[in-house]
Every structure is written in C-alpha cells, then in structure tokens.
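K.L.:
Input: one structure, supplied below.
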Amino acid sequence: MRLYSAIAVTAFLFFMCPAIGAQSLSEQPDSTAVGSIVEAINSRESGTVSVIQPEGLDVRMRASETGPDAGASEQSASGRQSTRRAGYRVQVYSDNNVTTAKANAEYRRRVIQQRMGGVRAYISFESPYWRVRVGDYRSQAEAQVAMQEIQSAFPAFAGDCRIVRERINN
C-alpha cells in the first residue's frame with residue numbers, strides 16, 4: 001500500500017511540477033522594467049513615507065555634527081534647559097574602599113553643599129572608585145579659585161583636592 005502511495009506522489013510531482021514551474025515563471029514581472037526597489041517606490045504616485053523620531057535624537061544628531069566640545073542641549077526633569085560642555089570640576093574625594101567609600105562620598109557631598117550654598121557637588125561611581133566633584137567651571141582659573149576656597153573651608157579635605165577636566169552642566 002505504501003509503495004503505491006509513494007509511486008502515485010512521485011508520478012504526480014514528475015508530471016505536474018514542470019507545468020507549475022512554467023506557470024510561475026511566466027507570471028513574474030519583467031525585472032528590467034524597474035532598475036531598483038528605490039526607483040519602484042519613488043515611481044508610485046500615491047503613498048507617503050514618514051520618519052518619526054524622538055526630540056532627543058535630533059538634539060544628539062545636531063551635537064555630533066558640530067563636534068564633541070560643542071555640547072548637547074538637554075532638558076532636565078524640572079524643565080530647565082542645560083548644556084553639557086567641556087570644563088573643570090574640583091575633585092574632593094576619591095576612594096575604592098568597598099565598605100566605607102560610598103558613605104564617605106555622600107557625607108562629603110552633603111557637607112560641601114550645606115556650607116558652600118549654591119555650589120553643586122556630584123557623586124560618581126566608576127568602578128571601583130567613588131568620587132565627589134564640585135562645581136561647573138568653564139576655565140581652569142575659575143576651578144583653581146574654587147579649590148582654594150574649598151581647601152580653606154575644609155582643611156581636612158585639602159589633601160584630596162585636585163582639578164579635573166570633565167563635561168560640565170551649563
């Protein structure tokens with residue numbers, strides 16, 4: 001029984017496949033009529049192509065066209081417009097002690113912000129170091145003045161203070 005079924009299927013395929021293949025070949029469009037897919041899409045008179053992108057992508061694209069030091073404009077959660085550019089900060093703490101570094105970094109940031117008023121202090125973690133950096137200074141001279149103020153206000157931090165080049169908020 002199986003042998004007869006196999007022979008019947010083989011005979012069907014042998015006689016019918018050339019007809020199916022010839023029919024599908026004759027129905028294919030002429031490939032020389034249109035040079036490329038782009039030309040085929042553009043030759044259609046109806047239809048629209050829309051590109052939808054987030055606003056942040058447009059900002060980043062403009063920033064990459066002008067170079068890395070020009071900065072990208074960002075909007076914070078409070079709605080305030082800020083620009084990131086190359087500048088300087090005063091580093092007042094850097095440590096990699098697993099048990100104490102994070103707590104010490106938070107303490108120094110809190111103390112500096114409380115005593116120095118409008119100065120912003122930033123905590124960062126770049127494995128394995130916890131760091132505290134203060135201010136957003138455009139020039140090294142501004143950062144130098146700020147570092148001297150920090151050293152006089154916090155003599156215990158004086159040994160850890162140094163100026164570092166970093167992307168700043170403006």
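The values are calculated or read from the model by the stated rules, or taken from the named source; none is laboratory data. Since this is a predicted model, take the numbers as computed values, not measurements. Ideal geometry is used to build each Cβ from the backbone, glycine not excepted, and the neighbour counts take in all protein chains shown.
K.L.:
For the stretch 118-170, enumerate the residues that are hydroxyl-bearing (Ser, Thr, Tyr) and surrounded by 13 or more Cβ atoms within 10 Å (Cβ to Cβ).
P.N.:
TYR122, SER124, TYR129, TYR137
K.L.:
Determine whether the stretch 58-65 contains at least one residue that is surrounded by 12 or more Cβ atoms within 10 Å (Cβ to Cβ), at pLDDT below 80, under 16 Å from the mean Cα position of the chain (by Cα) and in a strand (DSSP E or B).
P.N.:
Looking for residues that are surrounded by 12 or more Cβ atoms within 10 Å (Cβ to Cβ), at pLDDT below 80, under 16 Å from the mean Cα position of the chain (by Cα) and in a strand (DSSP E or B), one finds none in the stretch 58-65, hence no.
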